[in-house]
Amino acid sequence: MLLLGVEKENGWLFAEYSLTYRVGWEQICRGVELAYDYYEYVEVLVDDKIVNINSKEQVMDLEEARKMTIRGFSKIIGVPLMITFFNQLQVARCSVACATEEFQAADYEKFNKSLAQYMDSLEIAMFR
């Protein structure tokens, strides 16, 4: 994934990524399924509505829609994190709470170093 930009607003960093390829619903589900175990207080949203699931395996059964979001407290980066994937597009949006020193400024290079490997891992998981 390529980080297109990052901005700070109301205590959050908002970033937009360009994926290497367009992704379909099945690829999005695979990425969210991989990430599911790495969140505390995890929620999955389909078209901005929280879906009632209790395990990562249930992600693959969600009905196709325009977008899917996973959010909660990331066990990997140690702050609240929300990632939205868009069906049939090459776009992902990420929101990170400015809860640690690492995520206080909308600095492109610093943000990219903090999240690039994580976001790339999600994209790779989409094509497993």
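The values are calculated or read from the model by the stated rules, or taken from the named source; none is laboratory data. On a predicted model such as this, the values are computed, not experimentally measured, just so you know. Neighbour counts run over all protein chains shown; Cβ positions are idealised from the backbone, glycine included. Note: accessible area is taken over every heavy atom of the protein model, side chains too, but ligands, DNA and RNA are not part of it. Shrake-Rupley method; radii C 1.70, N 1.55, O 1.52, S 1.80 Å.
Structure above, values below:
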item	result
Top-ranked residue in the stretch 84-119 [being assigned to a helix (DSSP H, G or I) and hydroxyl-bearing (Ser, Thr, Tyr); ranked as farthest from residue 45 (Cα to Cα)]	108
Per-region count, the stretch 38-67, residues over 15 Å from the mean Cα position of the chain (by Cα) and over 23 Å from residue 88 (Cα atoms)	4
Residue check, residue 26 crowded, with 16+ Cβ neighbours inside 10 Å and within 14 Å of residue 126 (Cα to Cα)	no
Search result, residues across the stretch 35-50 that are more than 14 Å from residue 72 (Cα to Cα) and of a type in the set (A, V, I, L, M, F, W, C)	46
Residue within the stretch 31-38 that is within 26 Å of residue 5 (Cβ to Cβ), without any contact (Cβ under 8 Å) to a residue 60 or more places away in the chain and in contact with a helix residue (DSSP H, G or I) (Cβ under 7 Å, 6 or more places away or on another chain) present	yes
Only one of 57, 16, 63 that is part of a strand (DSSP E or B) and of a type in the set (D, E, K, R)	16
Residue that is in a helix (DSSP H, G or I) and open to solvent by less than 30 Å² (accessible area, probe 1.4 Å), where the choices are 45, 81, 34, 122	122
Filter pass, residue 18 being among the hydroxyl-bearing types (Ser, Thr, Tyr), open to solvent by 20 Å² or more (accessible area, probe 1.4 Å) and more than 16 Å from residue 120 (Cα to Cα)	no
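For every residue, the table says whether it meets (1) of a type in the set (A, V, I, L, M, F, W, C); (2) open to solvent by less than 20 Å² (accessible area, probe 1.4 Å); (3) in contact (Cβ under 8 Å) with a residue 60 or more places away in the chain.
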| residue | (1), (2), (3) |
| --- | --- |
| 51 | yes, no, no |
| 58 | no, no, no |
| 62 | yes, no, no |
| 71 | no, no, no |
| 87 | no, no, yes |
| 90 | no, no, yes |
| 97 | yes, yes, yes |
| 103 | yes, yes, yes |
| 106 | yes, no, yes |
